[in-house]
Amino acid sequence: MKFLRVDLPVWLGFIGGMTLLIAMSFTYKPAQELSRWFLEWTVVFASFAMALGYGNMLRVHLNRVRFHRGAWKFSYVTLFCMISYFLLGLAVTPQGAELRYVFTNVYTPLSASVFSLNAFFICTACYRAFRIRNVQAAILLISGIIVMLGRVGVGTAIWTGFAEWTSWIMNVPTSAGMRAVNIGAALGAIGVGFRMILGLERGHLGGAE
């Protein structure tokens, strides 16, 4: 049992990771062909993972409706949307006009509504975060005010320089900070990837030792 739960996944991760690493670092044809085969199989595994996630969502919401747990009334809407869109996908082609119609006229307006509500949450978060306690908080507050005024028409009407300062803030200090964050995230991903290839990182195995 330990072999199936721990040893086999570790060895498969080592073989797959080393194969892709060699294929992307060297022009070794067998490794490139094997890596291409691995990447093709990831599509199959991703399909099974999506089916498993779909079934798990059905199970969770059916149990909520059955036992009246949590916001179980909203589960009716979720189940109706999931099942009806799934049946519609089976009845028409993937590029069918019916699927595009539902996506354009149902999903897109709902998505826009959710994102519009985020503006109010962002405002309340800014109110809590932009409290001047030190110099760094003061710089954050001033920069945030300039960017917000430079992005709306009211700020441009007050002073045209807000737009120029906003562009400078977004292109220079913000870009530098984001590049530093991306470099750090990439180095962290590389480190975790090597730990998974070598079998040192086993969190994805459910904490199995």
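Nothing in this text is a laboratory measurement; each read-out follows from the coordinates by a stated rule. Given the structure is predicted, the values throughout are model-derived calculations rather than measurements. So basically every Cβ, Gly included, is an ideal-geometry build from the backbone, and we count neighbours across all protein chains shown.
Scan the range 1-78 for trypsin sites (Lys or Arg not before Pro) in coil per DSSP, keeping those whose Cβ has at most 11 other Cβ atoms within 10 Å, and list them by number.
Details: sites: 2, 5, 36, 59, 64, 66, 69, 73; in loops: 69.
Counting only loop positions with at most 11 other Cβ atoms within 10 Å, the trypsin sites (Lys or Arg not before Pro) in the range 1-78 are 69.
Using only the Cα atoms of the chain, construct the convex hull and provide its projected area averaged over every direction, in square nanometres to one decimal. Before the final figure, lay out each step's value.
Details: hull surface 82.3 nm².
Quarter of the Cα hull surface area: 20.6 nm².
For the chain, what is the relative contact order in percent, using Cα pairs closer than 8 Å and at least 6 residues apart in sequence?
On the way: 99 pairs, mean separation 49.1, N = 209.
It comes to 24 percent, rounded to a whole number.
Say each of residue 77 and residue 48 gets a label point 7 Å from the Cα, pointing the same way as Cα to Cβ; how far apart are those two points in nm?
3.5 nm
Along the range 24-40, what does the Karplus equation 6.51 cos²θ - 1.76 cosθ + 1.60 (θ = phi - 60°) give for ³J(HN,Hα), rounded to whole Hz, x for Gly and Pro?
8, 9, 10, 8, 9, 4, x, 5, 5, 5, 5, 5, 5, 5, 4, 5, 5
Lys/Arg Cβ at +1, Asp/Glu Cβ at -1, dipole of the range 1-70 taken about the Cα centre: which of 22, 61, 34 is farthest positive-ward?
Towards the positive end, the residue furthest out is 61.
Taking 25 Å as R0, compute the FRET efficiency from the Cβ-Cβ separation of residue 56 and residue 107 and round it to 0.05.
Numbers: r = 21 Å, r/R0 = 0.85.
According to the calculation, E is roughly 0.75.
Helix-only mean residue ellipticity at 222 nm, the chain, DSSP H runs n ≥ 4 weighted -39,500 (n - 2.57), per residue, nearest 500. What is it? Kindly include the intermediate steps, with their values, before the conclusion.
On the way: 9 runs with 164 residues, N = 209.
Result for the chain, helices only: -26500 deg cm²/dmol.
Taking a cut-off of 21 Å, what percent of all Cα-Cα pairs in the range 1-70 are separated by more than that?
Working: 1273 of 2415 pairs.
Of all Cα-Cα pairs in the range 1-70, 53 percent lie more than 21 Å apart.
Label-point separation (nm) for residue 136 and residue 65, each offset 7 Å from Cα along Cα-to-Cβ?
Distance between label points: 5.0 nm.
For the range 139-198, compute Rh as the Kirkwood radius over C-alpha pairs and then the Stokes-Einstein diffusion coefficient at 10 °C and 1.306 mPa s; write the answer in µm²/s, rounded to an integer. Don't jump to the answer; show the numbers that get you there.
On the way: Rh = 13.5 Å.
Stokes-Einstein gives a translational diffusion coefficient of 117 µm²/s.
Which value, in debye to the nearest 20, gives the size of the charge dipole of the chain about its Cα centre, when Lys and Arg are +1 and Asp and Glu are -1 at the Cβ?
Values: 17 positive and 7 negative charges, 139 e Å.
About 660 debye.
Cut-off 10 angstrom, C-alpha nodes, Gaussian network model of the chain. Which of 41, 159, 11 fluctuates the most?
159
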